[in-house]
Amino acid sequence: MPAQLASELTLDVAYYADLLQPQGRQGGGSTLADLDPLELELVEQWVVALSPPQGVATGWGTKPLRQYLAWVSEVRGVGKPLTEWFVTRFFKEVAAYLRGPDNTARMSARQRVIEALERLRPEVVVAHSLGSVVAYEALWSRPDIGVQLLVTLGSPLAMPHAVYDRLLPSPTEQPAGRPPGVGRWVNLADPGDLVAIPEKGMGMAFSGVDVDRHTLIDAFDFHKVRNYLSARQVVATLSSHLNDR
């Protein structure tokens, strides 16, 4: 984030990544062979959502999955080992959080975000990647904590089946939409960010998304938050909020 903008803000981070790390269980590595059934299921659902081209096999086994990831690495110009490492690590964390509606990791991660919201009472919440899922659920659970602006970056919230269908509150029981305590919701995603699947459109899956922009941020460097935070669209969104106060 540019220093000029950062100097006008008081920033804090709600950290929960340690809660999503495997605690001594077998298969805790970072290769496709280490994926457990739920993790592999989530990867499969992500693959289907990306609509792979004809001729690229997909399926439940690691061999066809590797064929698909080989295609991803080729078209994105990223090495196969790094692609497999990223997919494995990302979906292990997603599975750790979404493994059940009341699993310990999910409840603890959400509680850390809630505690930060209670302590800081922020005007703006910026949530990246899986953090947008945690923030979305935390804000829904505490509508009394008002937030003027929610900015989601590279968010997998709209990822069908793998994430969207597992959210709390469940979109099958209550229409998915902007958390009731949030005044405005801006979603930004790079067209090359495979985690966000921007071509599906956040605004198509959730009501109350005020801005849903899928413009070039050059953030596919494996989805790094620093690329998003330095992007012109993010800076403009936060600057506009500051100017409108």
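Read-outs throughout are calculated quantities, based only on the coordinates presented, and are distinct from any laboratory measurement. The model shown is predicted, which means the values in this text are computed figures rather than measured ones. Counting neighbours? That spans all protein chains shown, and the Cβs are built from the backbone with ideal geometry, glycine included.
Under the classification rounded if a/c is under 1.5, otherwise prolate if a/b is larger than b/c and oblate if not, where does region 138-202 fall, given a ≥ b ≥ c as square roots of the Cα gyration tensor eigenvalues?
Taking the square roots of the gyration eigenvalues as a ≥ b ≥ c, region 138-202 is oblate.
Let's test the formula: R0 of 35 Å, r as the Cβ-Cβ distance of residue 243 and residue 174. What FRET efficiency results, to the nearest 0.05?
Calculated transfer efficiency: 0.50.
How far is it, in nm, from the label point at residue 12 to the one at residue 74 when both lie 7 Å from their Cα along the line to the Cβ?
A separation of 5.0 nm, rounded to one decimal place.
Counting residues in region 73-138 as N, plug N into 2.2 N^0.38 Å and put the Cα Rg over that result.
Rg over 2.2 N^0.38 Å, computed on Cα atoms: 1.41.
Counting only C-alpha contacts under 8 Å and six or more residues apart, can you give the relative contact order of region 53-195 as a whole percent?
18
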